[in-house]
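Report on the structure given below.
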Amino acid sequence: MSYEFLLSKNQLRQAYKTIKGMSVPNMPDVVVKVNQEIGRQNTSPHKVAELITSDIALAGNVLKLANSPLYRRRAEIQSVEHATMMLGLTNLKNLVIASAFKRALANNNADYRQIEEDSQIIAHCASGIAAMVDDVAPEDAYLSGLFHDAGMMLLAQKFGNYLGFMEKWEDDPIGVIAAEEEQFGTNHCVVGFMLAKHWELPESVCYAISQHHLRCCDHIEDPHLRGHIAVLKLANYLLASTVTINTVDDMPDNWVVYRETAIKELALDHESVNEIRSLCSL
């Protein structure tokens, strides 16, 4: 099913115009090779590990992520080969992309690091939510969570006042997009979509990123994409209510709408949401 109707030519044109001339990171060759190897019918875990360890920095970052609190391993993963056995190739592929993404957009700015750390948490949480519902692949949910705010990093490079502007809108996950477009001519969802396409991520991942600030998804016929967007929205809400806003009981109105439309789409109740929050350590 084609999702092209979700983004207008003008939206894409404006986003392209904004980031034209910027240094948009490419997916590293080693990551392309790892993806190709994992996608083969007779995949060799040893070959995958060999490819990853050919890039010392990448291998180090993969192990650091694999042993991070997000994965809550009882025993430390000692090597990339060990990771292929303990995590499985799909999870390992996501860690490779996450490590490459982190390096590609590396910046010592504290705000950048916060976006990156939040994206890791949301990716992990989205994957957990997807595992509890139908029709959304956890590995795709992870990727959409990882890249969902990548557009913010690119726009912050372009506009010195961007992150300060966005901070003023953190209480309104729905209205922020119109405000962003009025101020900067585009928004981070469309720019993030373009980066995800540039990295050749799955189509549903790219379009979930492009739509993750929607009030609701009733106009989207494909239940798979609606579910994918809802997973990303719920993961976003869970982090925001825990870290950014610090209270679940006193949420701004548009965060409540954002949460409720996601819960309805996923056919979850509030007890399930609290269970997910606990599983995600939020």
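The values are calculated or read from the model by the stated rules, or taken from the named source; none is laboratory data. Since we're looking at a predicted model, the values are computed, not measured. Cβ coordinates were reconstructed from backbone atoms using ideal geometry, including for glycine residues, and neighbour counts include every protein chain displayed.
So which pairs qualify, if the first residue must be in region 260-275 and at negative phi, the second must be surrounded by fewer than 15 Cβ atoms within 10 Å (Cβ to Cβ), the Cβ gap must be under 8 Å, and the two must be at least 6 apart or on different chains?
Listed by first residue and then by second, the contacts come to T261/R215; I263/D269; I263/H270.
Looking at T186, is it part of a helix (DSSP H, G or I) and of a type in the set (S, T, Y)?
In short, no.
Across region 1-22, which residue is nearest to A150 (Cα to Cα) among those that are part of a loop (DSSP other than H, G, I, E, B) and touching a residue at least 60 places away in the same chain (Cβ under 8 Å)?
Filtering region 1-22 for residues that are part of a loop (DSSP other than H, G, I, E, B) and touching a residue at least 60 places away in the same chain (Cβ under 8 Å), the one nearest to A150 (Cα to Cα) comes out as M22.
Are any residues in region 45-54 surrounded by 14 or more Cβ atoms within 10 Å (Cβ to Cβ) and either in contact (Cβ under 8 Å) with a residue 60 or more places away in the chain or of a type in the set (S, T, Y) (or both), and if so, which ones?
T53
Taking S68 as meeting all but one of (1) in a loop (DSSP other than H, G, I, E, B); (2) closer than 18 Å to P202 by Cα; (3) of a type outside the set (D, E), write down the number of the exception.
With respect to (1) in a loop (DSSP other than H, G, I, E, B); (2) closer than 18 Å to P202 by Cα; (3) of a type outside the set (D, E), S68 is out only on (2).
Can you tell me which residue in region 131-175 is modelled with the lowest pLDDT, limited to those that are of a type in the set (S, T, N, Q) and in a helix (DSSP H, G or I)? Full working, then the answer.
Going through region 131-175, the residues of a type in the set (S, T, N, Q) turn out to be 144, 157, 161.
Subsequent filtering for residues that are in a helix (DSSP H, G or I) retains 144, 157.
Numbers: S144: 97, Q157: 90.
My answer is Q157.
For E260, only one of the following conditions fails: (1) over 17 Å from A126 (Cβ atoms); (2) outside any helix (DSSP H, G or I). What is its number?
The number of the failed condition is (2).
Could you please tell me which pairs satisfy a Cβ distance under 6 Å, a separation of 6+ or placement on different chains, a first residue in region 206-226 that is more than 14 Å from V257 (Cα to Cα) and modelled with pLDDT of 95 or more, and a second residue that is surrounded by 23 or more Cβ atoms within 10 Å (Cβ to Cβ) and of a type in the set (D, E)?
No pair meets every condition.
Any idea which of T84, T53 is β-branched (V, I, T), in contact with a Leu (Cβ under 7 Å, 6 or more places away or on another chain) and not assigned by TED's automatic domain parsing to the domain that holds F193?
Exactly one of T84, T53 is β-branched (V, I, T), in contact with a Leu (Cβ under 7 Å, 6 or more places away or on another chain) and not assigned by TED's automatic domain parsing to the domain that holds F193, namely T84.
If we scan region 90-105, do we find a residue that is loosely packed, with under 12 Cβ neighbours inside 10 Å and within 22 Å of the chain's Cα centre (by Cα)?
For region 90-105, residues loosely packed, with under 12 Cβ neighbours inside 10 Å and within 22 Å of the chain's Cα centre (by Cα): absent.
Go over the candidates Q36, Q120, Q41 one by one and state the one that is of a type in the set (S, T, N, Q) and outside any helix (DSSP H, G or I).
Every option except Q41 fails the conditions.
Condition test on A196, is it loosely packed, with under 15 Cβ neighbours inside 10 Å, small (G, A, S), assigned by TED's automatic domain parsing to the domain that holds L155 and farther than 19 Å from I276 by Cβ?
Criteria not met by A196.
Please work out if R103 is over 20 Å from A59 (Cβ atoms), among the basic types (K, R) and either modelled with pLDDT under 90 or touching a strand residue (DSSP E or B) at 6+ places or on another chain (Cβ under 6 Å) (or both).
When the stated conditions are applied, R103 does not pass them.
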